[in-house]
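**Q** To start, I am sharing the structure in question, which I have written as structure tokens.
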Amino acid sequence: MAFAIKVNGTTHSVDVDGDTPLLWVLRDVLGMTGTKFGCGMALCGACTVHIDGAATRSCVTPIDSVGKSEITTIEAIGATPAGARIQKAWLDLEVVQCGYCQSGQIMSASALLAGNAHPSDSDIDDAMSGNICRCGTYVRIREAIKHAAQSI
Ligand code: FES
Ligand code: FES
């Protein structure tokens, strides 16, 4: 079945089953591999994208639920004000270790900062608790979010 989805400002027509996860469509159909597969069960956050600005686990989001929503992925988050500040902070504080989880971390952090310019520690914990990092970069992630908030 054909679906027209809007990703990073561009409408794409994709021919897949309606229950195909958005993550599969992004990676395997559109070739946008910045969004990562981790658990496939909404447990790790590696696959996080924005749907109408909300951080969303694309591994459990069927394509037929997306409709006309605006999807933003890691490939374009740097074009948003909050995403640009988060990416700069990630570089300034050298957050990344292996990097596998970091697309999802940046997408969750960008959604947080876009809706809350000066998040408290508990705001950060609430927003980031679903994003797992096997390398344990949590302390640098929290500092980078604060660093990005200070740059506003
Ligand atoms: S791959 Fe989606 S939450 Fe883990
Ligand atoms: S940086 Fe390696 S899993 Fe997070």
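Read-outs throughout are calculated quantities, based only on the coordinates presented, and are distinct from any laboratory measurement. What you see is a predicted model; the values in this text were computed from it and never measured. Methodologically, a virtual Cβ is constructed for each residue, glycine included, from the backbone with ideal geometry; neighbour enumeration extends over all protein chains shown.
**Q** Could you work out the percent of alpha carbon pairs in segment 92-152 separated by over 19 Å, rounded to a whole number?
**A** 19 percent
**Q** Let me ask another. All other residues with a Cβ under 10 Å from the Cβ of Ser69 taken together, and with Lys, Arg as +1 and Asp, Glu as -1, what is their net charge?
**A** Net charge around Ser69: 0.
**Q** Let me ask you something else. Output the relative contact order of segment 1-81, whole-number percent, from Cα pairs under 8 angstrom with separation of 6+ residues.
**A** It comes to 35 percent, rounded to a whole number.
**Q** For the chain, what is the mean residue ellipticity at 222 nm derived from helices alone (per DSSP H run of n ≥ 4: -39500 (n - 2.57); sum divided by total residues; nearest 500 deg cm²/dmol)?
**A** Roughly -9500 deg cm²/dmol at 222 nm, from the helical runs in the chain.
**Q** Give me D for the chain in µm² s⁻¹, whole number, from Stokes-Einstein with Rh from the Kirkwood sum over alpha-carbon pairs, 4 °C and 1.567 mPa s.
**A** 84 µm²/s
**Q** OK, next. Kindly rank 96-109, 126-139 from highest to lowest mean number of other beta carbons found within 10 Å of each residue.
**A** 96-109, 126-139
**Q** Setting aside same-chain residues fewer than 8 positions from Lys6, which aspartates and glutamates have a Cα under 20 Å from its Cα?
**A** By straight Cα distance, Lys6 reaches Asp15, Asp17, Asp19, Asp28, Asp52, Asp64, Glu70, Glu75.
**Q** On each of the three principal axes of the Cα atoms of segment 17-107, give max minus min coordinate, whole Å, ordered largest first.
**A** Dimensions of segment 17-107 along the principal axes of its Cα atoms: 42, 25, 22 Å.
**Q** Excluding Asp15 itself, calculate the net charge of residues whose Cβ lies under 15 Å from the Cβ of Asp15, where each Lys or Arg counts +1 and each Asp or Glu counts -1. Provide the component values of the computation, followed by the final result.
**A** Details: positive: none; negative: Asp17, Asp19, Asp28, Asp64.
Overall, the nearby charge balance is -4.
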